[in-house]
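Everything below concerns the one structure shown next.
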Amino acid sequence: MNRKRLRSQLIYDEGVRSSAYTDSEGYLTIGVGRLIDENKGGKLSADEIEYLLDNDIDKVINQTIREFDWYQDLTEIRKEVILNMVFNLGIGGVKKFKMMTNALKRHDWNEAAREMLDSKWSGQVGQRAIRLSEAMRTDSWNA
């Protein structure tokens with residue numbers, strides 16, 4: 001079997017889609033004919049999920065370093081808090097936290113934590129915001 005030729009044929013016949021779509025039978029599909037519709041038994045493997053997550057984490061780290069000049073001055077835990085927020089909100093969403101950003105630049109961790117909680121995001125994510133703001137305030141995941 002010529003794997004390269006088979007791969008080319010499948011790409012030609014199935015097409016390539018980077019977003020989920022409904023196939024001709026009405027099932028959710030992605031990539032090169034990859035069934036992901038759970039109603040038909042489709043899903044991602046644990047390895048695929050880990051692979052996607054690792055790629056997403058790398059993307060978030062690179063965006064954050066590029067967009068926020070103050071990020072490198074943070075401790076590891078506080079960096080993780082910001083990365084968690086960027087993962088959830090996108091870089092544009094975190095940019096809207098201007099008061100938090102100003103507090104971070106001053107190393108005013110209590111104010112940064114307050115600003116995190118005083119947001120629409122906090123109401124949307126509940127315990128996540130409480131946990132992240134506590135980690136920002138205390139520089140600890142155990143608080």
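The values are calculated or read from the model by the stated rules, or taken from the named source; none is laboratory data. For clarity, every value in this text was computed on a predicted model and none was experimentally measured. Heads up, the Cβs are rebuilt from the backbone with ideal geometry, glycines too, and the neighbour counts pull from every protein chain shown.
Sub-9 Å Cβ pairs linking a first residue in the range 121-140 that is under 15 Å from L89 (Cβ atoms) and without any contact (Cβ under 8 Å) to a residue 12 or more places away in the chain to a second residue that is small (G, A, S) and buried (at least 17 other Cβ atoms within 10 Å of the Cβ), at least 6 apart or interchain, are S122/A129; S122/S133; G123/A129, ordered by first then second residue. Of all the listed residues (T64, T29, T22), the sole one being touching a Phe, Trp or Tyr at 6+ places or on another chain (Cβ under 8 Å) and outside the structural domain of V125 (by TED's automatic domain parsing) is T29. Counting only residues that are among the polar types (S, T, N, Q) and over 20 Å from the mean Cα position of the chain (by Cα), which one in the range 87-143 is surrounded by the fewest Cβ atoms within 10 Å (Cβ to Cβ)? Selected residue: N142.
This table checks each residue for (1) in a loop (DSSP other than H, G, I, E, B); (2) exposed (fewer than 14 other Cβ atoms within 10 Å of the Cβ); (3) in contact with a His (Cβ under 7 Å, 6 or more places away or on another chain).
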{"site": "Q9", "(1), (2), (3)": "no, yes, no"}
{"site": "D13", "(1), (2), (3)": "no, yes, no"}
{"site": "S19", "(1), (2), (3)": "no, yes, no"}
{"site": "S24", "(1), (2), (3)": "yes, yes, no"}
{"site": "I30", "(1), (2), (3)": "no, no, no"}
{"site": "E48", "(1), (2), (3)": "no, yes, no"}
{"site": "L53", "(1), (2), (3)": "no, yes, no"}
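Among the numbered conditions (1) surrounded by 11 or more Cβ atoms within 10 Å (Cβ to Cβ); (2) more than 30 Å from K98 (Cβ to Cβ), the only one that G41 does not meet is (1). What do you reckon, is E76 loosely packed, with under 13 Cβ neighbours inside 10 Å and either in contact with a strand residue (DSSP E or B) (Cβ under 9 Å, 6 or more places away or on another chain) or under 30 Å from G15 (Cα atoms) (or both)? No: the conditions fail for E76. Say whether the condition of being of a type outside the set (K, R), assigned to a loop (DSSP other than H, G, I, E, B) and closer than 20 Å to Y71 by Cα is met by at least one residue in the range 96-106. Taking every residue of the range 96-106 in turn, at least one turns out to be of a type outside the set (K, R), assigned to a loop (DSSP other than H, G, I, E, B) and closer than 20 Å to Y71 by Cα. Quick check on this structure: which one of G33, G42, G123 is on the phi > 0 side of the Ramachandran plot and of a type outside the set (A, V, I, L, M)? Testing whether each residue is on the phi > 0 side of the Ramachandran plot and of a type outside the set (A, V, I, L, M) leaves just G33. Of the residues making up the range 55-70, those that are in a loop (DSSP other than H, G, I, E, B) and either more than 30 Å from H107 (Cβ to Cβ) or of a type in the set (F, W, Y) (or both) are F68, W70.
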